[in-house]
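**Student:** Can you read through this structure? Questions will come right after.
The values are calculated or read from the model by the stated rules, or taken from the named source; none is laboratory data. Not measured: the values here are computed from a predicted model. For neighbour counting, all protein chains shown are included, and Cβ atoms are generated from backbone atoms with ideal geometry for every residue, glycine included.
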Amino acid sequence: MAKKRRTYKPKKTVRRTSSKTTVRRRRTAQENKTLQTIARALRLIIIFVFSGFLIYFLFKPDHKPQPDQTAEIQNPATAVDTVAQGETPEIEPTINLDALSQPELLEYWLHQILRKYQITDKWVGKRNREITVQLPTDLPPIEVVVDVIQKVTDLGWSYVSSEENLKRSRQSLTVISHDDTLATIVFIVNKNFQRATHKIAIIIDDFGYYNNQITQEFLELDYPINLSVIPGQKYSRSIASAAVKNRKPVMVHLPMEAEENAVEQNTFTIMTTMTDAEIVDRVQKALEAIPNAIALNNHMGSKATADRRVMDILFRELAQRKIMFIDSRTTTKSVADQMAQQHQIQYHKRTIFLDGVENQSEDYIRNQLLKAAKIAERRGKVVVIGHPYKETLAVLKQQLPLLEKRGIVVIPVTDLLK
């Protein structure tokens, strides 16, 4: 019997990996799982945050932020003032007035009135029922006394004033309630006292086109309003001469190229396409046309005042004659401040426009002036620009005496740097 042949089957070779390789693979797998878990978590977080923002913006309340009151006002057409016309806001009481006795209430309101005139507590003394108030020489006692009498009357009290002339340097006022003397207030002018004054430079542009009743009344104002005259107009020379006679500071209102609105073309207008020699010639002619000018400001000029070459030429001429430049700020791109430092000339810029072609109501102009007064009290000085409108004239006549009582003085532009 034949034997069956066995088929040779090679043994399977089992490859054994080392223990180190196995550990490495397991660790890699675990790390991959961890990374995947982290990635999923990050995706969930991103989705959650995005959903939160989406819900917030869809359902948030309609709230508009309040404008920054300290920012410079570039567009007077959009400015809003919260001060009622003709009012000086009183300081809100921080104490319970009902808890005060009548003498204490009188002292409280006396201090509020004095603060309106920039009279500090250091100028007030008290001995028994006599209150002594020191006043500066530029503040007649009658002005303060009238305000105190008005408040005393409002509170239902009576008063007895001294028989001295109210215009003299001493005035006394005895306040009475139901036959009881609350206090005697003595106002004394002290030559050694001076109020902290704030400065406002008011520039009225565009003189030269007309010589009418409005022009004459601006010339006759009892304040050093700066009159800016456009050279080359029919009445430019006569108004500039009249301003000097009326002790008004005179400025050159130089026409300069604008970005959008066309500036009038005459032999004094500065255009950015002119050569250096042409610009020099026109600047010199403008300064010669208004020989008594103490300063120069731009008429329009949003394009020219942003041109470094043009302003460099202009400031070289102003530096030679030591004439101040006031930037009307018709553009935020103006390089006037940089060039003024480079040429070391006196320089300042406009903060507020009092009026405009579309803003000639007395209410608007009054609010702009009161806004400027607040800035002057906060910063010490402010420059405003207006135009020879009858409404602007009426507001200045009404408000400047009131601002003077608050210690705000009208100055020539050259006094800004003193």
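**Student:** With respect to the numbered conditions (1) hydrophobic (A, V, I, L, M, F, W, C); (2) in a helix (DSSP H, G or I); (3) in contact with a His (Cβ under 8 Å, 6 or more places away or on another chain), which one is the sole condition not fulfilled by residue 254?
**Tutor:** That leaves (2) as the condition not met.
**Student:** Every residue in the range 257-280 that is surrounded by fewer than 18 Cβ atoms within 10 Å (Cβ to Cβ) and charged (D, E, K, R), please.
**Tutor:** Scanning the range 257-280 gives 259, 260, 264, 276, 278.
**Student:** Does residue 138 satisfy being outside the structural domain of residue 302 (by TED's automatic domain parsing), at pLDDT below 65 and farther than 27 Å from residue 177 by Cβ?
**Tutor:** Spelling it out, it is not the case that residue 138 is outside the structural domain of residue 302 (by TED's automatic domain parsing), at pLDDT below 65 and farther than 27 Å from residue 177 by Cβ.
**Student:** Something else: Quick test of your reading of the structure: residue 313 fulfils all but one of (1) within 30 Å of residue 119 (Cβ to Cβ); (2) surrounded by 18 or more Cβ atoms within 10 Å (Cβ to Cβ); (3) not hydroxyl-bearing (Ser, Thr, Tyr). Name the failing condition by number.
**Tutor:** Unmet for residue 313, out of (1) within 30 Å of residue 119 (Cβ to Cβ); (2) surrounded by 18 or more Cβ atoms within 10 Å (Cβ to Cβ); (3) not hydroxyl-bearing (Ser, Thr, Tyr): (1).
**Student:** Restricting the range 400-418 to residues that are touching a helix residue (DSSP H, G or I) at 6+ places or on another chain (Cβ under 8 Å) and in a helix (DSSP H, G or I), which is farthest from residue 203 (Cα to Cα)?
**Tutor:** 405
**Student:** If I filter the range 319-328 for residues that are within 19 Å of the chain's Cα centre (by Cα), crowded, with 21+ Cβ neighbours inside 10 Å and β-branched (Val, Ile, Thr), do I get at least one hit?
**Tutor:** yes
**Student:** So, of the residues in the range 393-407 that are touching a residue at least 60 places away in the same chain (Cβ under 8 Å) and within 20 Å of residue 247 (Cβ to Cβ), which turns out to be surrounded by the fewest Cβ atoms within 10 Å (Cβ to Cβ)?
**Tutor:** This residue is 397.
**Student:** Further question on the same structure: Assess whether residue 358 counts as being free of Cβ contacts under 8 Å to residues at least 24 places away in the same chain and more than 16 Å from residue 201 (Cα to Cα).
**Tutor:** Details: free of Cβ contacts under 8 Å to residues at least 24 places away in the same chain: no; more than 16 Å from residue 201 (Cα to Cα): yes.
Criteria not met by residue 358.
**Student:** Among 230, 225, which is the only one that is under 27 Å from residue 300 (Cα atoms) and within 25 Å of the chain's Cα centre (by Cα)?
**Tutor:** Being under 27 Å from residue 300 (Cα atoms) and within 25 Å of the chain's Cα centre (by Cα) holds for just one of 230, 225, which is 225.
**Student:** Shifting gears a bit: Being surrounded by fewer than 16 Cβ atoms within 10 Å (Cβ to Cβ) and in a helix (DSSP H, G or I) is the requirement here; does residue 222 meet it?
**Tutor:** It is false that residue 222 is surrounded by fewer than 16 Cβ atoms within 10 Å (Cβ to Cβ) and in a helix (DSSP H, G or I).
**Student:** Considering only strands (runs of 3 or more DSSP E) fully contained in the range 117-213, which possess at least 1 residues that are over 38 Å from the mean Cα position of the chain (by Cα) and exposed (fewer than 13 other Cβ atoms within 10 Å of the Cβ)?
**Tutor:** Numbers: elements: 124-127, 130-135, 158-161, 170-177, 180-189, 198-207.
Ranges flagged: 124-127, 158-161, 180-189.
**Student:** Something else now. Name the pairs whose Cβ atoms lie under 8 Å apart, with the first residue in the range 193-222 and assigned by TED's automatic domain parsing to the domain that holds residue 409 and at positive phi, the second surrounded by 14 or more Cβ atoms within 10 Å (Cβ to Cβ) and in a loop (DSSP other than H, G, I, E, B), and 6 or more positions between them or separate chains?
**Tutor:** 206/230; 206/387; 206/388; 208/230; 208/231; 208/232; 208/233; 208/235
**Student:** Return the pair list, or none, for Cβ contacts closer than 7 Å from residues in the range 316-339 that are touching a residue at least 24 places away in the same chain (Cβ under 8 Å) and in a helix (DSSP H, G or I) to residues that are hydroxyl-bearing (Ser, Thr, Tyr) and surrounded by 16 or more Cβ atoms within 10 Å (Cβ to Cβ), at least 6 apart or on different chains.
**Tutor:** 336/305; 336/347
**Student:** Oh, and also: Got a number for residues in the range 226-236 being part of a loop (DSSP other than H, G, I, E, B) and either crowded, with 24+ Cβ neighbours inside 10 Å or on the phi > 0 side of the Ramachandran plot (or both)?
**Tutor:** Total meeting the criteria: 3.
**Student:** Collect the residues in the range 377-399 that are under 21 Å from residue 138 (Cβ atoms), part of a helix (DSSP H, G or I) and modelled with pLDDT of 95 or more, keeping them in residue-number order.
**Tutor:** 396, 397, 398, 399
**Student:** Name the single residue that is farthest from the chain's Cα centre (by Cα) among those in the range 281-293 being surrounded by 17 or more Cβ atoms within 10 Å (Cβ to Cβ) and part of a loop (DSSP other than H, G, I, E, B).
**Tutor:** Step by step, filter the range 281-293, then rank; the result is 290.
**Student:** Name the pairs: first residue in the range 144-156 and in the same structural domain as residue 177 (by TED's automatic domain parsing), second residue surrounded by 15 or more Cβ atoms within 10 Å (Cβ to Cβ) and in a helix (DSSP H, G or I), Cβ to Cβ under 7 Å, at least 6 apart or on different chains?
**Tutor:** Short answer, once both residue conditions are applied: 144/113; 147/113; 148/110; 148/113; 151/109; 151/113.
**Student:** Here are 264, 260, 278: which of them is part of a loop (DSSP other than H, G, I, E, B), free of Cβ contacts under 8 Å to residues at least 40 places away in the same chain and not hydroxyl-bearing (Ser, Thr, Tyr)? Show your work before the answer.
**Tutor:** Numbers: 260 fails: free of Cβ contacts under 8 Å to residues at least 40 places away in the same chain; 278 fails: part of a loop (DSSP other than H, G, I, E, B).
Result: 264 is the single residue among 264, 260, 278 that is part of a loop (DSSP other than H, G, I, E, B), free of Cβ contacts under 8 Å to residues at least 40 places away in the same chain and not hydroxyl-bearing (Ser, Thr, Tyr).
**Student:** Sticking with this one: Kindly evaluate residue 95 against the criterion of being at pLDDT below 90, within 32 Å of the chain's Cα centre (by Cα) and loosely packed, with under 11 Cβ neighbours inside 10 Å. I'd like the intermediate steps shown before the answer.
**Tutor:** Values: at pLDDT below 90: yes; within 32 Å of the chain's Cα centre (by Cα): yes; loosely packed, with under 11 Cβ neighbours inside 10 Å: yes.
Spelling it out, residue 95 is indeed at pLDDT below 90, within 32 Å of the chain's Cα centre (by Cα) and loosely packed, with under 11 Cβ neighbours inside 10 Å.
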